[in-house]
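Each remark here refers to the structure printed beneath this line.
Read the figures in this text as sums done on the coordinates, not as results from a lab. Quick caveat, the model's predicted, so the values are computed rather than measured. Glycine also receives a Cβ, built like all others from the backbone with ideal geometry; neighbour counts cover every protein chain displayed.
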Amino acid sequence: MFVRETEWWKYSIIYQIYPLTFADGNGDGIGDLQGIIQRLDYLNDGKDNSDSSLGIDAIWLSPINQSPMLDNGYDVSDYYDICNTFGTLDDFQRLLEQAHRRNIKVILDLVINHTSSEHPWFLESRSSRYNPKSDWYLWHDPAPDGGVPNNWLSYFGGTGWTYDDKRQQYYYHAFNSHQPDLNWHNPEVRAAIYDVIRYWLDLGVDGFRLDASSVYSQDKYFRNNPVKFEGREDKYKDQYHIYDQNLPENHEIIREIRSIIDEYDNRVLSGETFIDNRLYDSLIFYGVNNDELHLPFTFEFPLSPWYPGYLQREIEKKELLTPEGSWQVYFLNNHDLPRHLSRWSECSICFDTFAIAKASATILLTVRGTPILYYGEELGMVNHENIPLEQLRDQVAMSCLDEECLPSRDGTRTPMQWDDSPQAGFSFGKDVTPWLPVHDNYQYVNVETELSEQDSILNFYRELIQLRKNSKALQKGTWKPLIYYPYEHLAYLRETEQETVLVAINFSYEKNFDLDRAIPKQYWQVLLSTNLSVGDIIPLPQLLQPFEISILQFTPDHAVP
């Protein structure tokens, strides 16, 4: 029987799946729910010390609701159904059952800032100014000169307003014009969305990740955003977004959603809190009384350069700013960011993505907080930079003409690489074309090959995950840096009253390793290392080999001679 553990998200490892490209179960070249079901044993087969399972505890699915797929599911046209691209509601219920049987929780992406322009709510709202849903979206008359109502911009470039001939008014969209924003000032809208949330919770989902959770509420007077000194009004990053995002009402909405979550046993609420890359503002989303998000996703850590001083600074900032009683969350990748090995290999003195992959995995899985893995990162997948124009799928990015727009996100969404067969084992259909092309490196970067190679990135992830599960210090312990303003090394302690674990990572060829002098001479047992033998008892290291990673446990029973 599946048991929900109290605050399970604090000590779990969450795995993000992009359903379109994770696994194709019906052979049509597009990922689906049947494909995910067929691959659950890889994620967690429910066995202790499995020889092939990754060992994750929860999956987060990018949107699977009914959608015209203009933004690949982030434009929902029916909140109560599954998009037929992925399968049926019965398929989803079977996924829930099979995942829970393996003690895998299921988290859904909840896109409620906006709907698709094909959603019945919007079709009714745009039909006239006086229909029952006329005020369900943000409509506004043209400015006196006939132009847009104010200077609010779309995150995807250009104005955030689109004129509708039927209503003779503009509607607002924080993102694409096919994604009109809901009017969260309207209590009927709130009630309708809250019914949606209860529907999926009643089905048995274990929580939600709120998409774009910082832009639910806009200024009711539609005032212009101020423009930064010497900035341009038509550039998104040049505006102070004080009237179109992160308003006080936004937090009221999240608190209301959290109160619904709390009606159910041990469900989790996470959310995307990208607020102009300001960590303090993002951490506000925990709530004054820890009554908003359990896990606010902040972007400072993944967007840091690959340099120990910067990474340590971001970890320290989280440690200092996270409210008491709250819990941190870390990730390296997601569906919107270029894959971390492509980002970080460009700014590292080490051009070996193999070494960066292991070092970054070590940080992710040994700092204090919940780690989130993005599918394929455990293999060392990198961005596909050479997708032919005719095979690109990110329609929103392709339609954006603004110079500040994000580049196509297709490179980070390519098919999961399962084996070295055609299509990398993503689809069993021999004559189908995958939804996106497979990266050229699939013949050696794939699950089957890496499971058979003792020193592979995949097996290193599996060892780290198992180590984390067996260590209370790595799950719950305090975090303490041992080098301040480091140049080439990152080192820190994770401690409980019963256990002390030292994590040491060398970012360079430099061997000298000068730890905090407050640490006395002690003996340590090797838990995991790229250079030392697991199980050996050694004195405190004074040298690290180039790009060495070592995780050591203090052994007080071994006296120093």
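Here the Karplus relation 6.51 cos²θ - 1.76 cosθ + 1.60, evaluated at θ = phi - 60°, turns the backbone of the range 175-182 into coupling constants of 10, 7, 5, 7, 10, x, 6, 6 Hz, with x for every Gly and Pro.
Only DSSP H runs of four or more residues enter the estimate; each adds -39500 (n - 2.57), and after division by the residues of the chain the mean residue ellipticity at 222 nm equals -6500 deg cm²/dmol. For the pair ASP455 and LYS235, the difference between a 0.36 nm per residue extended length and the Cα-Cα distance amounts to 74.5 nm. With both labels modelled 7 Å from their Cα along Cα-to-Cβ, the ASP557 to ASN470 distance reads 1.6 nm.
Along the range 119-124 the Karplus relation, 6.51 cos²θ - 1.76 cosθ + 1.60 evaluated at θ = phi - 60°, assigns HN-Hα couplings of 5, x, 4, 6, 4, 6 Hz to successive residues, with x for each Gly and Pro. Under a 5 Å amide H cut-off, with hydrogens placed 1.01 Å from N, VAL215 pairs with ASN246 among residues at least 5 apart or on other chains. Near ASP181, the amide H atoms lying under 5 Å from its own belong to LEU138, TYR172, HIS173, ALA174; only residues 5 or more places off or on other chains count, and H is placed 1.01 Å from N.
For the range 407-422 versus the range 210-277, the inter-centroid distance based on Cα atoms is 32 Å.
Annotation: amide H of GLN16 within the under-5 Å range of TRP60, LEU373, TYR374, TYR375, sequence separation 5 or more or interchain, hydrogens built in the peptide plane. Rounded to the nearest 0.05, the FRET efficiency derived from the C-beta distance between LEU389 and LEU89 at R0 = 45 Å is 0.80. Rounded to the nearest 10 degrees, the inclination of helix 89-101 to the longest alpha-carbon principal axis of the chain is 20 degrees. For the range 401-470, applying the loop criterion from DSSP together with a ceiling of 10 other beta carbons within 10 Å to the trypsin sites (Lys or Arg not before Pro) yields LYS430. Taking other C-beta atoms within 10 angstrom as a stand-in for reagent exposure, TYR11, TYR374 fall in the order TYR11, TYR374, fewest first. Once Kirkwood radius over Cα pairs in Å is calculated for the structure shown, the corresponding label among (i) 32.7; (ii) 27.6; (iii) 24.8 turns out to be (iii).
Put in line by how crowded their Cβ is, counting other Cβ atoms within 10 Å and starting with the fewest, ASP455, ASP557, ASP32, ASP57 read ASP557, ASP455, ASP57, ASP32. In order along the range 524-536, the Karplus-derived 3J(HN,Hα) couplings, from 6.51 cos²θ - 1.76 cosθ + 1.60 at θ = phi - 60°, round to 10, 9, 6, 8, 7, 7, 7, 10, 9, 8, 4, x, 5 Hz, and Gly and Pro are given as x. Given the pairs LYS237/LYS358; LYS317/LYS469; LYS237/LYS469; LYS10/LYS237, which span a C-alpha to C-alpha distance of over 30 angstrom in this model? The answer is LYS237/LYS358; LYS237/LYS469; LYS10/LYS237. Neighbours of ASP410, meaning other residues whose beta-carbon lies under 14 angstrom from its beta-carbon, give a summed charge of -1 when Lys and Arg score +1 and Asp and Glu score -1.
Modelled this way, with points 7 Å down the Cα-to-C-beta line, the labels at THR433 and GLU263 are 4.7 nm from one another.
The angle between the Cα long axis of helix 248-261 and the longest principal axis of the Cα atoms of the chain comes to about 70 degrees, rounded to the nearest 10.
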